[in-house]
Structure formats: structure tokens, C-alpha cells
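The values are calculated or read from the model by the stated rules, or taken from the named source; none is laboratory data. This is a predicted model, so every value here is computed, not measured. Cβ placement follows ideal geometry from the backbone for every residue including glycine, while neighbour counts extend to all protein chains displayed.
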Amino acid sequence: MAGGDKSTKTLREVWRRAENSLCADCGKPDPDWASSTLGVFICLSCSGIHRNIPSISKVKSLKMDHWDDAQVQFLAKHGNAVTKSMYEAHIPIYYYQPTYNDCQVLREQWIRAKYERKEFTELGKQLLYTDGVKEGILWKRGRDSGQFQPRKFLLSEREGCLKYFTKQDAKEPKINVKIDVINATFQPEKIGNPNGLQITYLKDNKTRNIFVYHKSGKEVVDWFNAIRSVQFHYLKVAFPIASDNEIKSRLTRNFLKEGYMEKTGPKQREAFKKRWFTLDHRRLMYFKDPLDAFAKGEVFVGSRENGYSVQKGLPSGTQGNFSWPYGITIVTPDREYLFTCETEADQLDWITAFTGIINQAMTPQEYAIEAYFKFKS
């Protein structure tokens, strides 16, 4: 806290301003740290990142540390709104601004981009992820070997695609994927690397996973935002009357939920088998291993008005053997899908995720995906 009574009172008043009620960097409520050199109020987690760039930011606890009068006056003149107006003045619409739920590498590079590299202070500043083309090496997990090997990747706005090559001098790419069917999401725990990125794309309406990382946190986050940039400009051309915010909502997305459940087959008499599940909007995919390139199967989760629902528990008389006690039943127009969870907390989390999707009306594109799933089955 501040030294004198007057400074202490001023510090409390500044701290209580509505603009300072959320962390300036990740939006976490009730920040109780601040930067005495930048004038922002931040959470404990972001303060640790600030501490790693001492040439830019000096952080102190608002509860435990001493604040002298000059530092309190500096905070009073700045605060989150004033500082953001300077350091976040020109953020590209497609740039991903992480929250406190996001992983360390995203939050650290966001903080470094703002205050250390000052990427958003000037209008039209040329950035590495805004060129419309990006080429470089990413370490990619082999589909069969499971080993990470360096591979050349090429992202092109002009061609509207992402390619990767098995060799540096290869003329033909191993894959050439249209940018509008790509998703990218950070998965450090699943991949086992703090800079791990999962790239997924649709091939023949089936999801394919690629797992990559780069030793540099900045480089992998630049790749992530370059993908979003190319997607944004591609969709601007494809949907000329859509607003920027509508297009932004169609860029990369985090999965709604992932984790292990057990499942049984369509006859509901087979033994339940443990699988890794990923809920990517209306696609529920299941894998034998979380790092498999292809799903063993996919389930379409439609809307309530089209006959889909989620129920707690399993139908009475379920015959398949299962070891986990917390059941979930997904009802579709064609059949019921039965799952079990290890804990009640997992069961409730999955039910919440499924309910959120089922309560949303389907788009015309989603009706087309549903028709494909029905045709395939």
C-alpha cells in the first residue's frame, strides 16, 4: 500500500475505478497488482510475465508493497483506459487477444507485442503476420511415428492455402489445404510442449489433425495470427457484405470441450471403450489417442428444434459393460449415443457443453453438414 494516508486514499480510489476492475492484459476480474512504469492494473499471472521484461515494466502488489507518492500519482494519471488507448490503438481486427483462460505463450506474446515491441501503437505498421505470406520451419509430429520432425510450411493469401513440405527443397507439398477449412488452437498440455499448436482441417468432410510447435513463442504465435490474417482477408472477399466482426467470429476457435469418456456401439450391448473426445462446435469426434491424426468416428450434434437432446444418465437396462458411473445420453433423430464419465464434475461439464450447442439454431451450412453425416451413416 501507499505511504501516507492521502496517497493510500488516492491509490484505493484509482484502484476502484471501473476501468481498472479487470486485468489490462487478460481481463481477469479484481486485479491486485500494477505496473509502476506502465500505469496498468494487472492480475497475478500477468504480473509474472511483466516481471520477465523488467526494462519495460516494474510490477508491485497493491496489497503488500509500498507505493510512494510519485508512483501513486503516475497510476492516477494513467490506469487501464489511458494506457490501452496508447498501446492498443491499432490492433488488427483478426489479431487474437487472449483472455485469462488462454495458455501462457499466447498471453506472454500479447503482452510483449503491446509493451515491448509496440506493435499496435502506429496505424498501418507492417507486421510479420500481415504480409499475406509466411514461410518457415515448424516441428511437426509424424502421423505414424509420433516423432517431431522439422517441416517447411508455406501460408499464402494469394493462393488462399496452407502447404507443408516433407523436405526443404521439395517442389510439391505433402498437403495443400484451403484456408477456409483450417482451424488452429493452442494445445500445450496435449502436445507436451508450451508452444504446441494443433492445426485441423477438413478433408472429404472428415477432420484431420496436425500437431506442430516452434521453439520460439513469438514465432508460433506469429504463425497463429498469420493464419487468422489470411483467413480474414479470404472471407472478406467470399462474404463482401458481412461485417468485420461477423468475419472475426468465423476465424480460428478453441474447442468447446475435450477429455476422456467411455462409449459403446450402436447396438448398446458392446463393452464401453475409453476414448478421447473433442467437441468442435457441432462435431463430436473421438480418438483412441489424443494425438491421433484422424478421428475413429464423428457425431453430429444438431439443435433441439431438429430432434437433438442431451440427457443425464443412461437408459435403463443398458447392457454394455462400463467402468465409469456417470452416464450421458445424446439423442439424435436416428439413434442414441451413450457415454460415461469418470467423475460427476466431468459429466456436468460435458452436459453443459452439449446443451449450449443443442440450444443454438442451426445455420444453412450446418444443415448441409447434417445431411452429409446422415448420408454417410
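Annotations for the structure displayed:
- Tallying residues that are modelled with pLDDT of 90 or more and polar (S, T, N, Q) within segment 265-285 yields 1.
- Test result for ILE191, more than 17 Å from GLN365 (Cα to Cα), free of Cβ contacts under 8 Å to residues at least 40 places away in the same chain and in the same structural domain as ARG158 (by TED's automatic domain parsing): no
- Looking across segment 273-290, the residues that are assigned to a loop (DSSP other than H, G, I, E, B) and closer than 15 Å to LYS257 by Cα come down to HIS281, ARG282, PRO290.
- Criterion violated by CYS23 - all others in (1) of a type outside the set (Ser, Thr, Tyr); (2) in contact with an Asp or Glu (Cβ under 9 Å, 6 or more places away or on another chain); (3) surrounded by fewer than 22 Cβ atoms within 10 Å (Cβ to Cβ) satisfied: (3)
- Boolean, PRO150 is loosely packed, with under 15 Cβ neighbours inside 10 Å and part of a strand (DSSP E or B): yes
- Enumeration of residues in segment 197-231 that are among the aromatic types (Phe, Trp, Tyr) and modelled with pLDDT under 95: TYR201
- On inspection, PHE272 qualifies as touching an Asp or Glu at 6+ places or on another chain (Cβ under 7 Å), assigned by TED's automatic domain parsing to the domain that holds GLN360 and not polar (S, T, N, Q).
- Within the option set GLU336, GLU344, being touching a strand residue (DSSP E or B) at 6+ places or on another chain (Cβ under 7 Å) and at pLDDT below 95 holds for one residue only, GLU336.
- Condition check for ASN245: among the polar types (S, T, N, Q), modelled with pLDDT of 90 or more and surrounded by fewer than 18 Cβ atoms within 10 Å (Cβ to Cβ): yes
Here is a yes/no grid of residues against (1) under 17 Å from GLU219 (Cα atoms); (2) in the same structural domain as GLY196 (by TED's automatic domain parsing):
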residue	(1), (2)
LEU106	yes, no
GLN109	yes, no
ARG112	yes, no
GLN126	yes, no
ILE137	yes, yes
LYS140	yes, yes
GLN147	no, yes
PRO150	yes, yes
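- Unmet criterion (only one of (1) crowded, with 19+ Cβ neighbours inside 10 Å; (2) in contact with a Ser or Thr (Cβ under 9 Å, 6 or more places away or on another chain); (3) of a type in the set (D, E, K, R)) for GLU116: (1)
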